[in-house]
Amino acid sequence: MARVGLVYDPLYLEHDTDGHPEKAERLQAVMTLLEESGLRSALTPIAADDATLADLELVHRPEMIRWVREQIEGGERALDMDTAVSSRSYEAALRAAGGCLRATDAVLAGEIDSAFCLVRPPGHHATPGHAMGFCLFNNVAIAARHAIARRGLERVAIADFDVHHGNGSQDAFYNDPTVLYCSTHEWPLYPGTGTWREVGTGPGLGFTVNVPLPMESGDRQYRRAFETVLLPALRRFRPQLLLVSAGFDGHFADPLAWMSLSCAGYFELALMLRQAAEELCGGRVVLALEGGYDLTALAWGVRACFDALLGNPFAPDPRGPAPAAAGPDVEPLLAAIRGLHKLGD
């Protein structure tokens, strides 16, 4: 059986957001299901360390890090209208980034084959200069930069299937050819970035691949986006490590978006990413939790990803399949993106 790591720390629950959608109950729901299903015993626990200031500065500007810390230490309850914090949020954010670093090191060292980091606060909206969109520090971007700057990798890919575009991850690598950033997301939606013509700049030109899907896109549309755009882009890039920003807010039951993915769809996406990692980089793939705000859909979506990593069959979930609907025709969009990136047929 595949050796799959789990990053989780009770400190993540102490990022107290006081009724905010990104709340501690999200992780509690996931961990309860992993225990009740027996999956947790099949996973290898990975102890999370705290990220250091030097770790954060791989992506974030020193003045941004200092501002976040000072706001929290000064008793602020929000960094902006979306991003709630509490007295231990800075410590939780350090351990979230540190947990992703530890998982990345474990996968690169061959201690495990793959990992899922059940961390919070999430990260993919945090830009080099700003905390925003529920995110303090960009966990996946820090892990990517760490793998290149300190572990000698030349090519790292980030696949982001959160329903919101990961503007922070895109910003961090927009002119960097060593990191391929690929995002499937609802369009239009917060934060308003991620059009299909955003492709990078300078030496990073062509290394940002955005697939902005229309609302009500579901399992079929995401499958086609992966088959015709994301997987061909990964194969051309040939990453030595695959990182995944795993958001479950594209589920049809999620209250913050208007997409139609099911847990079976998430299982399929995770399976395709696992198989791509096996083909391209020795199976080295690390997922990190981003969004997902319906607790049942989140818990079962995460379980579906663990099952895909472990080689288990899909376990039917209580939410079931999405309401029957054909969904939008995305083939013209996908053809335009393939043409822009010269991905062929």
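The values are calculated or read from the model by the stated rules, or taken from the named source; none is laboratory data. Since the model is a prediction, treat every value here as computed from it, not as a measurement. Note that each Cβ is placed from the backbone with ideal geometry, even for glycine, and that neighbours are counted across all protein chains shown.
So the values come out like this:
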| read-out | value |
| --- | --- |
| Where residue 266 falls short, out of the listed (1) over 15 Å from the mean Cα position of the chain (by Cα); (2) of a type outside the set (A, V, I, L, M); (3) in a helix (DSSP H, G or I) | (1) |
| Matching strands (runs of 3 or more DSSP E) fully within the range 152-240 where at least 1 residues are within 17 Å of residue 135 (Cβ to Cβ) and either modelled with pLDDT of 95 or more or touching a Leu at 6+ places or on another chain (Cβ under 8 Å) (or both) | 156-160, 179-186 |
| Criterion: among the small types (Gly, Ala, Ser) and more than 19 Å from residue 60 (Cα to Cα) - qualifying residue of 133, 152 | 152 |
| Failed item, numbered, when residue 79 is tested on (1) more than 30 Å from residue 260 (Cβ to Cβ); (2) within 21 Å of the chain's Cα centre (by Cα) | (2) |
| Breaking point among (1) at pLDDT 95 or above; (2) part of a loop (DSSP other than H, G, I, E, B); (3) over 17 Å from the mean Cα position of the chain (by Cα), for residue 337 | (2) |
| Test: residue in the range 192-200 that is buried (at least 19 other Cβ atoms within 10 Å of the Cβ) and among the acidic types (Asp, Glu) | no |
| Close pairs from the range 213-240: first on the phi > 0 side of the Ramachandran plot, partner part of a helix (DSSP H, G or I), Cβ under 9 Å, at least 6 apart | 238/280 |
| Selection from the range 145-160 of residues that are more than 15 Å from residue 125 (Cα to Cα) and either touching a helix residue (DSSP H, G or I) at 6+ places or on another chain (Cβ under 7 Å) or touching a residue at least 24 places away in the same chain (Cβ under 8 Å) (or both) | 145, 146, 147, 148, 149, 151, 153, 154, 155, 156, 157 |
| Qualifying positions in the range 103-126 - more than 14 Å from residue 12 (Cβ to Cβ), of a type outside the set (Gly, Ala, Ser) and surrounded by 24 or more Cβ atoms within 10 Å (Cβ to Cβ) | 104, 107, 124, 125 |
| Answer residue from the range 6-26, given it is in contact with a helix residue (DSSP H, G or I) (Cβ under 6 Å, 6 or more places away or on another chain) and not charged (D, E, K, R) and is nearest to residue 311 (Cα to Cα) among those | 7 |
| Selection within the range 208-225 - touching a helix residue (DSSP H, G or I) at 6+ places or on another chain (Cβ under 7 Å) and within 25 Å of residue 145 (Cβ to Cβ) | 208, 209, 211 |
| Check on residue 145, crowded, with 18+ Cβ neighbours inside 10 Å, part of a helix (DSSP H, G or I), among the basic types (Lys, Arg) and over 13 Å from the mean Cα position of the chain (by Cα) | yes |
| Single residue of 288, 276, 257, 264 found to be touching a Ser or Thr at 6+ places or on another chain (Cβ under 7 Å) and at pLDDT 95 or above | 288 |
| Residue within the range 301-318 that is touching a Ser or Thr at 6+ places or on another chain (Cβ under 6 Å), assigned to a loop (DSSP other than H, G, I, E, B) and of a type in the set (A, V, I, L, M, F, W, C) present | no |
| Residue in the range 165-174 that is of a type in the set (A, V, I, L, M, F, W, C), in contact with a strand residue (DSSP E or B) (Cβ under 6 Å, 6 or more places away or on another chain), over 21 Å from residue 338 (Cβ atoms) and buried (at least 20 other Cβ atoms within 10 Å of the Cβ) present | yes |
| Qualifying residue in the range 274-284 (condition: within 28 Å of residue 2 (Cβ to Cβ), surrounded by 24 or more Cβ atoms within 10 Å (Cβ to Cβ) and touching a Phe, Trp or Tyr at 6+ places or on another chain (Cβ under 7 Å)) | no |
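Residue-by-condition table, conditions (1) in contact with an Asp or Glu (Cβ under 9 Å, 6 or more places away or on another chain); (2) buried (at least 16 other Cβ atoms within 10 Å of the Cβ); (3) within 16 Å of residue 224 (Cβ to Cβ):
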{"residue": "300", "(1), (2), (3)": "yes, yes, no"}
{"residue": "303", "(1), (2), (3)": "yes, yes, no"}
{"residue": "332", "(1), (2), (3)": "no, no, yes"}
{"residue": "337", "(1), (2), (3)": "no, yes, yes"}
